[in-house]
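Enquirer: Could you have a look at this structure, given as structure tokens, before my questions?
The values are calculated or read from the model by the stated rules, or taken from the named source; none is laboratory data. Note that the structure is a prediction, hence the values are computed from the model and not measured. Methodologically, a virtual Cβ is constructed for each residue, glycine included, from the backbone with ideal geometry; neighbour enumeration extends over all protein chains shown.
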Amino acid sequence: MDGNNLNIDQLIGKIITEIINLNDQIQFNCMDGSGYMMYHMQDCCESVVVEDIIGDLNDLIGSPILKASEDCSNDDPEGYIYEGYRDSWTWTFYNIATIKGHVTIRWYGSSNGYYSESVDFIKVK
């Protein structure tokens, strides 16, 4: 990993050949030999996880990426009910599309308010 956080729009125009989903990190390997990973380096008083994937990741394989965007919010998605106490939280939505379909990868981060709740998107070597 080279450690430089990138914008997910780096994927636009790329053709993904493989997606490795390990639940706490997702790696995208591309036809041109490049690779990208979204993950969060966990620290003490925080949790950042893939909460849901809407759509089929296989729709992103084999066709050029037409859309790749990130949206963050501190508002819970419609219909989501959190049971328990939390000091701080962040939702990160990655929207990725090809001609075959659209996928939203929904990350949920929570902490005591002093730690990062963000997702990193980096190029891997």
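Enquirer: Taking only pairs six or more apart or across chains, which ones have beta-carbon atoms under 7 Å, a first residue in region 17-33 that is at pLDDT 95 or above, and a second residue that is of a type in the set (S, T, Y) and surrounded by fewer than 15 Cβ atoms within 10 Å (Cβ to Cβ)?
Expert: As it stands, the answer is N29/T17; C30/T17; M31/T17, since those pairs meet every condition given.
Enquirer: Does region 61-69 contain at least one residue that is closer than 23 Å to I20 by Cα, surrounded by 12 or more Cβ atoms within 10 Å (Cβ to Cβ), touching an Asp or Glu at 6+ places or on another chain (Cβ under 6 Å) and hydroxyl-bearing (S, T, Y)?
Expert: no
Enquirer: Could you list, in sequence order, all residues of region 83-114 that are surrounded by 17 or more Cβ atoms within 10 Å (Cβ to Cβ) and either over 27 Å from L66 (Cβ atoms) or of a type in the set (G, A, S) (or both)?
Expert: Within region 83-114, W89, A97, G109, S110, S111 meet the criteria.
Enquirer: Here's something else I'd like to know. Out of region 83-117, which residues are more than 30 Å from G62 (Cβ to Cβ) and among the hydroxyl-bearing types (S, T, Y)?
Expert: Pass one, region 83-117, residues more than 30 Å from G62 (Cβ to Cβ): 83-90, 109-117.
Passing the criteria: Y85, S88, T90, S110, S111, Y114, Y115, S116.
Enquirer: Something else about it: Can you pull out every residue in region 87-125 that is in a loop (DSSP other than H, G, I, E, B) and touching a residue at least 60 places away in the same chain (Cβ under 8 Å)?
Expert: Listed by number, the residues that qualify are N112, Y114, Y115, S116, E117, S118, V119, K125.
Enquirer: All but one of (1) hydroxyl-bearing (S, T, Y); (2) farther than 16 Å from V124 by Cα; (3) part of a strand (DSSP E or B) hold for Y82, so report the exception by its number.
Expert: Result: Y82 fails condition (3) only.
Enquirer: In region 19-54, which residues are under 10 Å from W107 (Cα atoms) and of a type in the set (D, E, K, R)?
Expert: Of everything in region 19-54, those that are under 10 Å from W107 (Cα atoms) and of a type in the set (D, E, K, R) turn out to be D24, E51, D52.
Enquirer: I would also like to ask the following. Among strands (runs of 3 or more DSSP E) lying entirely in region 5-54, which contain 1 or more residues that are among the β-branched types (V, I, T) and either surrounded by 15 or more Cβ atoms within 10 Å (Cβ to Cβ) or on the phi > 0 side of the Ramachandran plot (or both)? Even if it seems obvious, please write down each step before you answer.
Expert: Details: elements: 16-21, 25-30, 35-39, 46-54.
The qualifying strands (runs of 3 or more DSSP E) are 16-21, 25-30, 46-54.
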